[in-house]
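Reading through the C-alpha cells given below for one structure.
The values are calculated or read from the model by the stated rules, or taken from the named source; none is laboratory data. Keep in mind the model is a prediction, meaning the values are calculated, not measured. Don't worry about glycine lacking a Cβ; one is built from the backbone with ideal geometry, like all the others, and counts go over all protein chains shown.
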2 protein chains.
Amino acid sequence: MKKPKSVERELSAEKTEAILDGAMQEFLAHGYAATSMDKVAATAGVSKATVYSHFQDKQGLFSSLMQRLASKKELFNLQKLQAVQDNPASFLKGFASGMLDNVAADPQMITFLRIIIGESGRFPELARAFVQNIEKPVLEMLTQYFVSHPEIQVQDPEVAARVFVGTLVHFVLLRDVLHSGDIVPMERDRLLNNLVNHVIIAKTDPNKT
Amino acid sequence: MKKPKSVERELSAEKTEAILDGAMQEFLAHGYAATSMDKVAATAGVSKATVYSHFQDKQGLFSSLMQRLASKKELFNLQKLQAVQDNPASFLKGFASGMLDNVAADPQMITFLRIIIGESGRFPELARAFVQNIEKPVLEMLTQYFVSHPEIQVQDPEVAARVFVGTLVHFVLLRDVLHSGDIVPMERDRLLNNLVNHVIIAKTDPNKT
DNA sequence: GTCTATACCGCGATAGAC
DNA sequence: GTCTATCGCGGTATAGAC
C-alpha cells in the first residue's frame, strides 16, 4: 500500500510555509500576546494540531518567524549599496532615500519594527538578531564608506555612521511609527539635504573645552 | 458608632491612586495584552470589581495610566535646561549626559518606551501624546537654543536638533532597548564628544550637487 | 464604595481517529 | 502527517451582598 512517493501525503514543507505565512499575518497584525494559535491555524488553512506538529509552541513559532524576517536582508536595502560611484553627498542622499522610501514606507516594515521593539523585553534574542542582521551591516557599511573616502574628513567614522543612521531612524520613528508627523513636522528633503552636511563636514572644533 | 464623616469609608481617590500604581507595575512588567486585571487588582490591593468601578475597562485603565506617564515631564529632564550659561559644547554635552543618565539608565523608562512604541499601532493617540509632551518640547528647546546662539553657525536649527536628539535616541535604542550594546559597541563619551562636533559645525558643503 | 462569587468565553496545548 | 474533539485554565466583566 505504500506508494513510491505520494504527492498528497507525507508533505510538510508546504504546510510549514503556509503556517509561517499565516503566522506572519497574525503576529504583524496583533502582536505576540494578542495573537491566538487558532487564528494562526485558520489563516494558514491548516488545523491547530498541525501547527503544533511543525512548531513546538507559540513562542517557538513566533521566534522562528521573527528570526526569519530579521535575516531577510533583501527586505531592507542592503544589497545595491556598493555599486554606486557618486560623490559622497549623492551617495548618502541616495542611501537615505532608499531607507526612507523602501523601508519606512512599507507598513509591514513599520509593524515589524513595533514588534521587535515592543517585545524586546521578553524576546531579547530576537532584538539582538535584528541588530546583528540589519543594523550592524548598515553601520559597518557606512563606516567603511567614510573610511575609504578620504575626501570626507570625518573625525570618527563610526560616530558619523551613527549620526547618519540615528537621525534617519528617529525620523521614521516619529513620523511613521508614532504617527506624529504633524506634531513635529519636518519635510523629508529638508532633513536629507541638511543631514548630509552634518555628517560629511565635521572637523575639530577650534573652541576647545 | 457612625462618625460624622467617616475617614475610612466613601473614599475613592486613594484607591484610584493604588489602582494606577498597581497597573503601572503590571503593564510595565508584562505589556498591555499579557497583563491581567486580576493581577492589577491584586497588586493594587483591591478587588477586581473596584478596579472596574474606577475605570471603564482594561483599555481605559491602560490609556489613563499611559497618558498620565507621558505627561509627567518631571520623569524626563525637561526642567533644568535653561539655567546653564556654559558654552555650546558644554551645554550640549550636559544635556546629552542628562538624557543618557537620567532617562536611559532607568529601567522603567526603557520599558515605558517599549510599550509606547510596541502599542503605537493599537493606541496611536498614546504615541501622539508621548511625542507632544516629551519629544516636541525637547526638539523645540534645542531649536531655540541653536537660534539664540548665533556663535553656532547652524544652517537649519530644526534639523540640527533632529540630528542631535536622533543620534541619542538611536544610541539608547540599540544599547538599552534592544540589548545590543555588545553587538554594535560604542563608548558613551566617544559618541558624545564627536556628536557635538557634528551638530555645531555644519556649514554649507562647497561641493554642490 | 467595596467586597465575594460567578457567568461566560477563548486561550494554549494534546489525545486519538484516520 | 493531518484532522476533529476536547481538556483545563485563566481571561474580562458583572451581579448581588454588605
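Here are some notes:
- Some residue of segment B:55-64 being within 28 Å of A:Lys58 (Cα to Cα) and more than 21 Å from the chain's Cα centre (by Cα): yes
- Extreme residue, nearest to the other protein chains (Cβ to nearest Cβ), among residues of segment A:39-65 that are hydroxyl-bearing (Ser, Thr, Tyr), within 10 Å of DNA strand C (Cβ to nearest atom) and in a helix (DSSP H, G or I): A:Tyr52
- For segment B:180-204, a tally of residues being surrounded by 18 or more Cβ atoms within 10 Å (Cβ to Cβ) and more than 9 Å from chain A (Cβ to nearest Cβ) returns 1.
- Cross-chain or 6+ apart pairs with Cβ under 8 Å, segment B:190-201 first and under 11 Å from A:Val159 (Cα atoms), then among the hydroxyl-bearing types (Ser, Thr, Tyr) and in a helix (DSSP H, G or I): B:Leu191/B:Thr167; B:Leu192/B:Ser97; B:Leu195/B:Thr167; B:His198/B:Thr167
- Here is the figure for segment B:18-38: residues that are closer than 25 Å to B:Val131 by Cβ, hydrophobic (A, V, I, L, M, F, W, C) and part of a helix (DSSP H, G or I) total 6.
- Condition check for B:Val131: assigned by TED's automatic domain parsing to the domain that holds B:Glu187 and under 21 Å from B:His198 (Cα atoms): no
- Filtered residues of segment B:105-151 (kept if of a type in the set (Gly, Ala, Ser) and within 7 Å of another protein chain (Cβ to nearest Cβ)): B:Gly118, B:Ser120, B:Gly121, B:Ala127
- Residue satisfying condition, being more than 11 Å from DNA strand D (Cβ to nearest atom) and modelled with pLDDT under 95, within set A:Gln56, A:Gln25, A:Gln79: A:Gln79
- Restricting attention to segment A:161-179 and to residues that are more than 7 Å from chain B (Cβ to nearest Cβ) and under 21 Å from A:Ile201 (Cα atoms), the residue that is surrounded by the most Cβ atoms within 10 Å (Cβ to Cβ) turns out to be A:Phe164.
- Condition check for A:Ala18: away from every other protein chain (no Cβ under 14 Å), among the hydrophobic types (A, V, I, L, M, F, W, C), away from DNA strand C (no atom under 15 Å from the Cβ) and in contact with a Gly (Cβ under 9 Å, 6 or more places away or on another chain): yes
Residue-by-condition table, conditions (1) surrounded by fewer than 19 Cβ atoms within 10 Å (Cβ to Cβ); (2) under 30 Å from B:Thr111 (Cα atoms):
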position	(1), (2)
A:Val40	no, yes
A:Gly45	yes, no
A:Leu61	no, yes
A:Leu75	yes, yes
A:Asp86	yes, no
A:Ala96	no, yes
A:Ile115	no, yes
